[in-house]
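In what follows, a single structure is set out as structure tokens and then discussed.
The values are calculated or read from the model by the stated rules, or taken from the named source; none is laboratory data. Computed from a prediction, not measured in an experiment: that's the story for all the values here. Reconstructed Cβ throughout: ideal geometry from the backbone, glycine too, with neighbour counts over all protein chains shown. Just so you know, the surface numbers come from the protein's heavy atoms only, side chains and all, with ligands and any DNA or RNA stripped out. Shrake-Rupley method; radii C 1.70, N 1.55, O 1.52, S 1.80 Å.
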Amino acid sequence: MKASVLHPPAPPTSTPRDFLLWGARLQWRTLAGGLVFGVAWMTSLALVPWAIGRGLDAGIVADDRQALLRWALILVALSAVIGITGAIRHWFAVQNWLDGAFRTIVVTDEAVTSRGQEIARQIPVGDVVSVSSTDMERIGGVYDTFARFCGAIVSYVVVAVLLLRQSVTTGLVVLIGAPVLLGLLSLIIKPLQRRQAEQREESGRLTTLGTDTVAGLRILRGIGGEAEFVGRYAAQSQHVRAAGVRVAGFQAALDASQTLLPGLFVVIVVWTGARSVLSGELSVGELVAFYGYATFMVFPLRTVTEMVEKSIRFRVAAGKVMSILRIQSDHPAGKADQVVDPSADLSDPASGARIPGGRLTAVVSARPEDSAELAGRLGRLGTESTVALGEISLAELPIRQVRDLVLVNDPDSRLFSGTLREELSTGQAIDDDRLLKALDDAWARDVLLALPDGLDGHVEEKGRGFSGGQRQRLGLARALAADPHVLVLIEPTSAVDAHTEARIGASLAQSRRGRTTVVATVSPLLLQHTDHVVLLESGRAIASGRHAHLVRDNAAYRHIVLRGGDSE
């Protein structure tokens with residue numbers, strides 16, 4: 001596929017018109033090819049009535065067999081041109097549609113990949129999903145229709161010139177009447193565009209609700225909340241239906257106009273042509289040609305109304321795509337790498353916590369979200385992180401360098417379709433021995449043994465073939481295999497049994513010895529293996545020390561860790 005489609009430059013995000021022109025510049029060759037063959041195809045169609053009319057007058061009315069044969073051959077030639085140019089035009093139309101649609105997916109995917117967290121905070125998931133299910137088709141549709149639209153304009157001019165040469169009155173009817181009839185579409189276009197935008201909003205909300213419901217379906221069933229969300233989905237479906245009904249009236253009016261307006265046009269042209277025949281201004285062959293012109297004009301007029309409709313849909317879809325592309329990254333590029341000591345202490349002014357370098361530190365809080373927020377700041381996952389590594393603030397480093405230094409692993413590890421080796425190595429050149437050691441340290445060797453092909457065994461999308469504990473241990477193994485300078489784990493054993501949790505705690509302390517590791521947890525089975533513990537209350541560090549000392553001396557810590565129990 002062309003580089004302009006696979007790796008397009010950054011698109012403009014100002015107006016739909018600029019977005020349209022940006023795409024047109026990138027695929028101008030196929031658009032030009034479609035234009036040339038589209039014009040040739042539709043102009044050849046427009047000349048068929050002219051050839052038939054001339055053949056009638058010169059061959060049949062004048063009883064000239066040679067003239068009749070000549071015009072018959074001209075019709076055959078026109079038919080051949082129509083067939084060839086029509087096929088090539090269609091090829092260019094499909095190519096233009098594919099380029100426009102796929103390019104939309106590429107730029108959206110790049111935005112989601114590079115700024116996923118920022119986009120998720122500002123735009124519902126349903127709107128992002130709808131880009132690949134609906135909006136990309138509407139954007140590609142404009143480029144698809146472009147060639148036929150240009151052909152419609154040129155063929156309209158050709159027919160108007162032919163009519164003016166034969167009858168000034170009828171030619172003026174075509175030149176003036178067609179723009180007037182198309183101008184009436186403006187009474188439908190603006191309200192249709194507004195209602196389509198409203199329907200797109202409601203549809204995006206429905207997709208978001210459906211995505212969230214499916215993601216949490218198991219939990220919903222567990223707490224008996226499935227019926228509640230089914231009711232919400234049904235209610236939102238009715239909002240989408242109502243918005244669709246509001247669109248349908250104007251859409252039906254636009255569709256009806258594609259038949260009504262050209263039909264009126266045919267009646268007017270035939271009526272004026274018939275009067276010209278009665279007055280002797282036109283011949284029988286010219287009247288037949290006039291009827292053919294009028295019938296043919298239905299096609300370009302419908303094409304123009306189709307282009308208007310596609311443009312409306314394009315504006316709505318492009319607006320949604322650009323709203324995603326406008327979102328800026330929390331971590332703009334441009335900073336140069338700095339020399340840092342990865343074994344230095346980490347300090348977080350927001351909470352007052354200090355993480356000693358080269359040691360296994362636990363973060364404990366009665367509110368898990370406080371521990372998760374501190375973990376996010378340690379990995380600079382937001383814009384407000386003021387964490388410093390030694391004397392250097394992470395905010396002063398380029399985000400790429402921060403990602404190389406710090407890895408944050410959450411409890412709900414995402415697994416993708418592929419081999420187990422690909423899941424664990426994440427595109428890095430990691431040898432099998434290191435991958436196997438990471439599996440052993442995460443106590444996930446049972447997952448390897450369950451796959452017939454071992455590391456080459458297939459992992460289903462989202463790890464559907466594994467239990468929740470297996471998925472969590474695979475995520476931990478993946479993080480250990482990456483072997484980052486600073487590893488931050490959020491509740492890494494929340495889905496495993498106590499026996500496995502104790503083993504993971506021991507192996508984690510051993511495998512990460514000498515490297516900075518932070519674990520957000522309240523599990524005593526993990527805490528007993530840590531070197532240092534930081535206790536948070538309302539997001540602030542209120543105590544720190546060894547686990548055994550805090551259990552003995554700190555009542556708040558003892559209440560959290562021992563689930564309200566007292567130490568002996």
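Below, the figures for the structure above:
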quantity	calculated
Binned Cα-Cα distances of the range 484-536, short to long, each 5 Å bin given as a whole percent	4, 20, 35, 26, 12, 2
If the convex hull is drawn through the Cα atoms of the range 1-117, its volume per residue in Å³	101
Lys/Arg +1, Asp/Glu -1 at C-beta; the chain dipole; positive extreme among 36, 122, 50	50
Accessible carbon and sulfur surface of the chain relative to its total accessible area, %, 1.4 Å	60
Normalised per residue, the volume of the convex hull around the Cα set of the range 432-484 (Å³)	76
Mean Cβ count within 10 Å, highest first, over the residues of peptides 111-118, 274-281, 145-152	145-152, 111-118, 274-281
Highest average packing first - 296-307, 231-242, Cβ atoms within 10 Å	296-307, 231-242
Accessible surface, the range 431-568, averaged per residue in Å² (probe 1.4 Å)	47
Estimated 222 nm signal from helices in the chain, with DSSP H stretches of n ≥ 4 weighted -39500 (n - 2.57), rounded to 500	-22000 deg cm²/dmol
Positive-end extreme of charge dipole, the chain - chosen from 463, 502, 239 (charges on Cβ)	239
Burial ranking of peptide ranges 350-358, 66-74 (average Cβ count within 10 Å, highest at the top)	350-358, 66-74
Given charges at Cβ of Lys, Arg, Asp, Glu: the chain dipole, positive-most of 442, 180, 283	283
Cross-link reach list, aspartates and glutamates versus residue 437, counting only Cα pairs under 19 Å and skipping chain neighbours closer than eight places	422, 423, 446, 453, 456, 483, 501
Electrostatic dipole magnitude of the range 293-403 [Cβ: Lys, Arg +1; Asp, Glu -1; Cα centre; debye, to 20]	700
Local net charge near residue 414, Cβ-Cβ under 12 Å (Lys/Arg +1, Asp/Glu -1)	-1
Compactness of the chain as Cα Rg over 2.2 N^0.38 Å, two decimals	1.41
Charge dipole magnitude, Cβ of K and R +1, D and E -1 - the range 425-515, Cα centre, debye nearest 20	340
Pair-distance profile P(r), taking every C-alpha pair of the range 1-66, with 10 angstrom steps and integer %	17, 25, 19, 14, 11, 11, 3
For the range 344-451, alpha-carbon Rg and Dmax in angstrom	16.5, 47
The range 276-414 - percent relative contact order, Cα under 8 Å, separation 6 or more	21
Rounded to the nearest 20 debye, dipole of the chain from Cβ charges on Lys, Arg, Asp, Glu	1480
